[in-house]
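> Sharing a structure with you now.
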Amino acid sequence: METYGGVDKMADISTPHLRTGLLNVSGIGEETADSILCYGLFRTSYVIDAYTERMIRCIGVTEKRQDLKRLFEECLPNDNYVYRQTHAHIVEYAKEFCGKKRCSECILVSSSG
């Protein structure tokens, strides 16, 4: 807030610049920065979290987190609503299957093998 002068003034700052600024704040990592951008500021910055990484690994994708972010952002329409909905669906699915270790029931695992 000190750097940009408040949330309203952040509207004029590019998403990559804001992301860099957020990552420079002690205690804010990539997932938190992207969550603030996507959910708090309604920017097109896809959130890669542990659920997303876990699900993607199950289908054999081994890219690093920043590469996963790039892949999602290249594949999805550049639309904040789409980013939020996609992320929300992944979280809900992963909570049901990954969090409860129901791998044998997971459509991703059974379709990738």
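Read-outs throughout are calculated quantities, based only on the coordinates presented, and are distinct from any laboratory measurement. Quick caveat: nothing in here was measured; it's all calculated off a predicted structure. Note that each Cβ is placed from the backbone with ideal geometry, even for glycine, and that neighbours are counted across all protein chains shown.
> For the chain, what is the calculated [θ] at 222 nm in deg cm²/dmol (nearest 500), taking -39500 (n - 2.57) for each run of four or more DSSP H residues and dividing by its residue count?
-15500 deg cm²/dmol
> Within 10 Å of each candidate Cβ there may be at most 15 other Cβ atoms; applying that plus a DSSP loop requirement, which GluC sites (Glu not before Pro) in region 1-107 survive?
Here the sparse-neighbourhood loop sites are 2, 63.
> Using +1 at the C-beta of Lys and Arg and -1 at the C-beta of Asp and Glu, which of 86, 68, 50 has the Cα lying farthest in the positive direction of the dipole of region 37-113?
Of the options given, the answer is 50.
> Give me the angle, in degrees from 0 to 90, between the Cα long axis of helix 65-75 and the longest principal axis of the Cα atoms of the chain, rounded to the nearest 10.
Between the helix axis and the principal axis of the chain, the angle is about 90 degrees.
> Which longest uninterrupted range of the chain lacks any trypsin sites (Lys or Arg not before Pro) assigned by DSSP to a loop state (not H, G, I, E or B) and surrounded by at most 12 other Cβ atoms within 10 Å?
Of all site-free stretches, the longest is 1-63.
> Can you figure out the FRET efficiency of residue 12 with residue 66, using R₀ = 35 Å and their beta-carbon distance, to the nearest 0.05?
0.85
> Would you please give the FRET efficiency between residue 24 and residue 81, computed as 1/(1 + (r/R0)^6) with r the Cβ-Cβ distance and R0 = 22 Å, to the nearest 0.05? All intermediate terms of the calculation are to be shown ahead of the outcome.
On the way: r = 28 Å, r/R0 = 1.28.
Step by step, r from the Cβ atoms, then E = 0.20.
> Give me the extension gain from residue 31 to residue 57: residue separation times 0.36 nm, minus the current Cα-Cα distance, reported in nm with one decimal.
Gain on extension, residue 31 to residue 57, equals 7.6 nm.
> Still on this structure, I have one more. Please determine, in degrees from 0 to 90 and to the nearest 10, the orientation of helix 80-97 with respect to the longest principal axis defined by the Cα atoms of the chain, where the helix direction is its Cα long axis.
Approximately 40 degrees, to the nearest 10.
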